[in-house]
1. Here's a check for you: in the range 31-49, which residue that is farther than 13 Å from residue 12 by Cα and hydroxyl-bearing (Ser, Thr, Tyr) is least open to solvent (accessible area, probe 1.4 Å)?
2. Does the range 14-29 hold any residues that are open to solvent by 70 Å² or more (accessible area, probe 1.4 Å) and without any contact (Cβ under 8 Å) to a residue 60 or more places away in the chain, and which are they?
3. Can you run down the residue pairs with Cβ atoms below 9 Å, 6 or more apart or on separate chains, where the first is in the range 50-71 and on the phi > 0 side of the Ramachandran plot and of a type outside the set (Lys, Arg) and the partner is assigned to a loop (DSSP other than H, G, I, E, B) and open to solvent by less than 60 Å² (accessible area, probe 1.4 Å)?
4. I'd like the full set of residues that are outside any strand (DSSP E or B) and either in contact with a Leu (Cβ under 9 Å, 6 or more places away or on another chain) or open to solvent by 90 Å² or more (accessible area, probe 1.4 Å) (or both), limited to the range 1-13.
5. In the range 14-41, which residue that is assigned to a loop (DSSP other than H, G, I, E, B) and acidic (Asp, Glu) is farthest from residue 84 (Cα to Cα)?
6. State whether one or more residues within the range 77-96 are in contact (Cβ under 8 Å) with a residue 40 or more places away in the chain, closer than 26 Å to residue 17 by Cβ, of a type in the set (A, V, I, L, M, F, W, C) and open to solvent by 40 Å² or more (accessible area, probe 1.4 Å).
7. Under 13 Å from the mean Cα position of the chain (by Cα) and assigned to a loop (DSSP other than H, G, I, E, B): does that describe residue 44?
8. Regarding residue 182, is this residue modelled with pLDDT under 50 and closer than 25 Å to residue 43 by Cα?
Amino acid sequence: MMLEVSGVTKTFGENTVLRGIDLFVEKGDVVAILGPSGSGKTTFLRCLNFLERADSGRLVFDGEVFDLHTAGKKEIARVRRKTAFVFQNYNLFLNKTVLQNVTLGLTASGRMPRAEAKDAALAALERVGMADRLSAYPSELSGGGGWRTGSPLTPPSSPAVSSSASRSPGASQADRRSSISTSRPPPSTPN
């Protein structure tokens, strides 16, 4: 088991958003968490990466057990070194260029040195069709350009688990969903 989550609860005042959520994900699985707006999909993902403190719950990740309510800074850092989160609204720094935004996401967590991060960011931005917008600022980008700038923050660092609280550019409101995917090489095909 790569990722096991059990008993996750979260309330905001009188509103209980998560009620004992359990999830089991094997390496290579792709899981979509579907539900109406406001049903707790993003809150659940935020709890898994300690961006939101769960009221209770347990996370077993890469063989290590974490309490989602009481985990300390060192435990949280261990989880975050192996995971990535793509934000719903991109959370780009308005005073930084496309290249600076992606590079910062790779160096801030201590995952990679600045020169390596720049090379990884350039390759990722090329993959998502943003190589011609490296010097552009977020205010100069379309919605899809913002999404494509935010999405490379995940792939270059090769996290073990990537979670996204976003929708693909051009997707309808009905297609909005949150997802978790775990790293796995593509299946080999028989000759």
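1. The selected residue is 42.
2. Once the filter is applied, which keeps residues that are open to solvent by 70 Å² or more (accessible area, probe 1.4 Å) and without any contact (Cβ under 8 Å) to a residue 60 or more places away in the chain, the range 14-29 yields 14, 15, 19, 22, 24.
3. The qualifying pairs are 50/68; 50/71; 57/68; 62/2; 62/160.
4. 1
5. That would be 14.
6. Scanning the range 77-96 turns up at least one residue that is in contact (Cβ under 8 Å) with a residue 40 or more places away in the chain, closer than 26 Å to residue 17 by Cβ, of a type in the set (A, V, I, L, M, F, W, C) and open to solvent by 40 Å² or more (accessible area, probe 1.4 Å).
7. no
8. Answer is yes for this residue.
The values are calculated or read from the model by the stated rules, or taken from the named source; none is laboratory data. What you are looking at is a predicted structure, and each value in this text was computed from that prediction instead of being measured. No Cβ is skipped: glycine too gets one built from the backbone with ideal geometry, and neighbour counts run over all protein chains shown. Calculation scope for accessible area: heavy atoms of the full protein, side chains included, ligands and nucleic acids excluded. Shrake-Rupley method; radii C 1.70, N 1.55, O 1.52, S 1.80 Å.
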